[in-house]
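**Q** Can you read through this structure? Questions will come right after.
Each reported figure results from applying straightforward, stated rules to the coordinates on display, with no laboratory input. Because the structure is a prediction, the values reported are computed rather than measured. Virtual Cβ from ideal backbone geometry, glycine too; neighbours counted across all protein chains shown.
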């Protein structure tokens, strides 16, 4: 059975005089297909990307370091995808290259002037600082690759600078001040010489962009060293909450998580949206079945000395329940629900359309699909994943109902933010931040939930 998405893609390709070779993959807002001509057809519902693509298709000269777009149009379909984009194909970055590009995330992804940030005299100082012990990048390398790789990846980050500057020049030439700059939106041209940025959309912001200009954040030192030696500052926060750190759980784009001996999770985050939602739900007297239970939320003001300057950084701590991690096949099954649930205010309407959901699962795990083949290459059973995805549908509906009940308009729904409750009966959504929802207007008040707030960073 051919899915609605596949039917739409084949129809558009035929109208453009093209033929689909294979599906390349799906992202948060769309699905991409490789064409026989070597170009890419993308179906999307991201109006920001569509508007940018329309603007760039008017350019008669091909770009050097920005994706070349050839055609943009609307789809006549009942599916969630409303637009198509015809563009060049680029070779994705390797996982190692994506991790190196992470060096520039804090500086460039939320910058109001990409060009000025890239050509700042302090750029090299910034790169150097990211590879010092305790920095996000340094910690990322320690966990993923080990200390021996630090200098090698630092040099790779420096080698990327000319390519990033070339992208900045192209963006400035076309009056593009901001872009969603990260490794997933970058690739190489066919000769593997030029770094290309695609999916040029503005990122979501945790602040009102009309009222506040962001500053480059140098995140506080949160160093994780082997044998569970946790940073003293984390231990003090836990002690202040009557908890004791048991182990380091992991880190994401916005924070670090630690398990306490009482089987809770202490999270340190820079995500204002998640802190807002956590504070709202922490006031709920009745335990929530399908969203993680929050016990305490507070603001921390650490002081950190960088190059002789005292930089004040505000971050949040969140104390919440621990959830049991998903099995690998369950993670793949949860990803079937990303399109209807993640980054959309229509998640409740989407998830209640069971027939559409089942069609979507069938499409994702038909024997010719990218996800089916990826499961096989990872040594997993795609038919088992498909059945799990169908079986957990009622549990996903429960999560959607809880979100709607508490007026949570959008959420960062994916497998790394989902776990099981202690009885393994309910799926639990435990990270409601990450989308940086600029539509969430609640003003976060100063929260003082304990007598002692940690105000000074201490090294080992």
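**Q** Can you put 34, 56, 5 in order, fewest other beta carbons within 10 Å first?
**A** Going from least to most buried by this count: 34, 56, 5.
**Q** Considering all alpha-carbon pairs of segment 4-89, what whole percent are spaced by more than 17 angstrom?
**A** 43 percent
**Q** Can you pull a Stokes-Einstein diffusion coefficient for segment 94-188 at 10 °C (1.306 mPa s), Rh from Kirkwood over Cα pairs, as a whole number of µm²/s?
**A** Value of D from the Cα-based Kirkwood radius: 116 µm²/s.
**Q** For the residues 241, 24, what sequence is obtained by ranking on other C-beta atoms within 10 Å, fewest first?
**A** Least crowded to most crowded, the residues run 24, 241.
**Q** Peptides 15-22, 345-352, 264-271: what's the order by average Cβ count within 10 Å, highest mean first?
**A** 264-271, 345-352, 15-22
**Q** Next question, about the same structure. Tell me the label-point distance for the pair residue 353, residue 387, using the 7 Å Cα-to-Cβ offset, in nm and rounded to one decimal.
**A** Spacing of the two 7 Å Cα→Cβ label points: 2.9 nm.
**Q** If the chain between residue 10 and residue 54 were fully stretched, how many nm would it gain, using 0.36 nm times the residue separation less the Cα-Cα distance?
**A** So the extension gain works out to 13.7 nm.
**Q** Would you please state which residues of segment 95-118 a label at residue 156 would reach in this model, taking the label point 7 Å out along Cα→Cβ and a backbone N cut-off of under 17 Å?
**A** 95-105
**Q** Further question: What is the spin-label model distance, in nm, from residue 145 to residue 98 if the labels are put 7 Å beyond Cα along the C-beta direction?
**A** It works out to 1.5 nm between the two label points.
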